[in-house]
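Only the coordinates and a few stated rules stand behind these numbers; no lab work does. The model shown is predicted, which means the values in this text are computed figures rather than measured ones. FYI the Cβ positions are ideal-geometry reconstructions off the backbone, even for glycines, and counts take in every protein chain you see.
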Amino acid sequence: MTTSNAIPTVKLLIDGEFIESTTQDWRDVVNPATQEVLARVPFATAEEIDRAVASAQQAFKTWRKTPIGARARIFLKYQQLIRENMKELAAILTAEQGKTLADAEGDVFRGLEVVEHAAGIGNLQLGELANNVAAGVDTYTLLQPLGVCAGITPFNFPAMIPLWMFPMAIATGNTFVLKPSEQDPMVTMRLCELALEAGVPPGVLNVVHGGADAVNAICDHPDIKAVSFVGSTRVGTHVYNRASQAGKRVQCMMGAKNHAIVLPDAHKEQTLNAIAGAAFGAAGQRCMALSVVVLVGEAQAWIPDLVAKAQTLKVNAGVEVGTDVGPLVSCAALDRVSGLIERGVQEGARLELDGRNPSVSGYENGNFVGPTLFSGVSPSMSIYREEIFGPVLCVTAAATMDEAIELINANPNGNGTAIFTRSGAAARHFQEEIDVGQVGINVPIPVPVPMFSFTGSRASKLGDLGPYGKQVVQFYTQTKTITERWFDENEVGGPVNTTINLK
Ligand code: NAD
């Protein structure tokens, strides 16, 4: 980044160069704990986006043929550089996004795991071979890269989610155009600098910034073959429809309303700790945050314990030691979450703990909301229907586990869920009957590690294949099937036939 008028500008990355945008349209990147303007981010022009795609298209010609070992070694080097720069990456992330330094390191680390996985691409991008499918005939498959792929990422994991995307796309032989969240693009850019330092060649990774116009340009661009999106259901549905209509392969990981079921036999202390961390940690701005708890039977008596646990969490700036709950990402997010809490009160939910307007000494201008807990929440209320994306937990009750499962399966979202119990039989029944992508059994935020794939049901996901794991190798490659026959010098010609002899 360079500095003009004392405020640094975020650069575009085109053809291996970090360049200043020529746009007139700029937004501020703001520290949500202090309102300090950290940088200005450009909304790239249509011409700049075209240039990024053209650079990726050009680089694909050679990158697609780069030996798999050479591609893998770049990611071996990249994971090392990310480790060496972990503290700096976390500090940038906390400053622009708000989460605690520990959560910021977690954000980088979960992305780093995907980079490590990308370094093993030699074992992942393997085809299949069947010998003698007919006399003297073999069939095998090639998993070939698609071309220019694009990624559009949300604000809440500005390290992990870009790293879900470009390492696996590039490792499989594609080139990439990334459009990070305009709210916190700085850590993403630092990760891109490190990627180039690790050896990603010019044009193989490009970055453009912007909002709706940049996203639409990516969806429509004829030279982009695949789009990976992570963000809200509203925008993701639009991206899915628009990019699919333009003939692209698309995967969209979208919004959530994650429920936990608590059975009365659960380990009480462990369960309360897990719920408090998952509901209020990272200010409730995780796509896998627990936002609804269904207390079954006698567990309904645990509400005061849950409130007491929530009250132990410390609200402060993410950089301060001992902080559990940092600020929300923006003033707009603060207004939205505060407004939804007010609606919850008006619609008749019981506000057991009100986290609005906490006093945070030294950070009086920060976008803070403390842990907030409603009981008596019903499915018709706004706080149940909408993804609040703040530290607000809705508690509801069910007489039986099956009633709780029915409630969860009736919710439009199916991103994550968890059950807390000591009964293996109950957990197994839950695992069988629940229609949700990520399922935790005494694990509150069951984000899969990179050898598995992130997934989702119903409104939480569009497209068949997930953003990492084995599925993403399928997503970023085209399977080509080769059926092959070779003739000996003195082989006698057979009958003229267009099909192989399957006898
Ligand atoms: P968002 O949908 O507002 O933004 C995502 C991306 O879309 C950003 O890059 C943004 O610039 C762009 N965008 C915004 N408005 C647009 C428009 N009108 N047209 C085209 N593009 C537009 O999401 P967010 O607020 O940044 O992130 C939070 C959301 O992401 C939550 O809903 C959360 O559940 C979801 N999320 C889901 C997962 C998952 O894996 N399922 C992971 C992380 C976040």
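Would you say Gly127 is over 30 Å from Asp28 (Cα atoms) and in a loop (DSSP other than H, G, I, E, B)?
yes
Each row is one residue, and each column tells you yes or no for (1) charged (D, E, K, R); (2) in contact (Cβ under 8 Å) with a residue 12 or more places away in the chain; (3) surrounded by 15 or more Cβ atoms within 10 Å (Cβ to Cβ).
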| site | (1), (2), (3) |
| --- | --- |
| Glu20 | yes, yes, no |
| Trp26 | no, yes, yes |
| Ala46 | no, yes, no |
| Ser55 | no, yes, yes |
| Ala59 | no, yes, yes |
| Leu89 | no, yes, yes |
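Determine which member of the set Ala243, Ala279 is small (Gly, Ala, Ser), buried (at least 21 other Cβ atoms within 10 Å of the Cβ) and free of Cβ contacts under 8 Å to residues at least 60 places away in the same chain. Break it down into steps so the answer makes sense when it comes.
Numbers: Ala279 fails: free of Cβ contacts under 8 Å to residues at least 60 places away in the same chain.
Among Ala243, Ala279, only Ala243 is small (Gly, Ala, Ser), buried (at least 21 other Cβ atoms within 10 Å of the Cβ) and free of Cβ contacts under 8 Å to residues at least 60 places away in the same chain.
Scanning region 219-240 for residues being more than 7 Å from the ligand (Cβ to nearest atom), in a helix (DSSP H, G or I) and either buried (at least 23 other Cβ atoms within 10 Å of the Cβ) or free of Cβ contacts under 8 Å to residues at least 40 places away in the same chain (or both) gives a total of 2. Sub-6 Å Cβ pairs linking a first residue in region 177-205 that is under 13 Å from Lys11 (Cα atoms) to a second residue that is of a type in the set (Ser, Thr, Tyr), at least 6 apart or interchain, are Pro180/Thr153; Pro180/Thr188, ordered by first then second residue. Looking only at residues in region 185-218 that are among the charged types (D, E, K, R) and more than 9 Å from the ligand (Cβ to nearest atom), the one that is farthest from the chain's Cα centre (by Cα) is Glu197.
Could you list, in sequence order, the residues of region 252-272 that are of a type outside the set (A, V, I, L, M) and away from the ligand (no atom under 11 Å from the Cβ)? Working first, answer last.
Within region 252-272, the subset of a type outside the set (A, V, I, L, M) is 252, 255, 257-259, 264-265, 267-271.
Once the filter is applied, which keeps residues that are of a type outside the set (A, V, I, L, M) and away from the ligand (no atom under 11 Å from the Cβ), region 252-272 yields His259, Pro264, Asp265, His267, Lys268, Glu269, Gln270, Thr271.
Got a sec? Which strands (runs of 3 or more DSSP E) wholly within region 384-503 have at least 2 residues that are more than 30 Å from Val133 (Cα to Cα) and within 16 Å of the ligand (Cβ to nearest atom)?
Working: elements: 392-398, 416-420, 438-441, 477-485.
Result: 392-398, 416-420, 438-441.
Summed over region 164-218, the residues that are out of contact with any Cys (no Cβ under 7 Å at 6 or more places or on another chain), assigned to a helix (DSSP H, G or I) and either of a type in the set (A, V, I, L, M) or closer than 18 Å to Asp25 by Cα (or both) give a count of 19.
Among the numbered conditions (1) away from the ligand (no atom under 16 Å from the Cβ); (2) closer than 30 Å to Leu393 by Cα; (3) under 20 Å from the mean Cα position of the chain (by Cα); (4) basic (Lys, Arg), tell me where Arg249 comes up short. All conditions are met except number (2). Could you list all residues from region 446-458 that are surrounded by fewer than 23 Cβ atoms within 10 Å (Cβ to Cβ), at negative phi and either among the aromatic types (Phe, Trp, Tyr) or in contact with a strand residue (DSSP E or B) (Cβ under 7 Å, 6 or more places away or on another chain) (or both)? The answer is Pro446, Val447, Pro448, Phe452, Thr455, Ser457.
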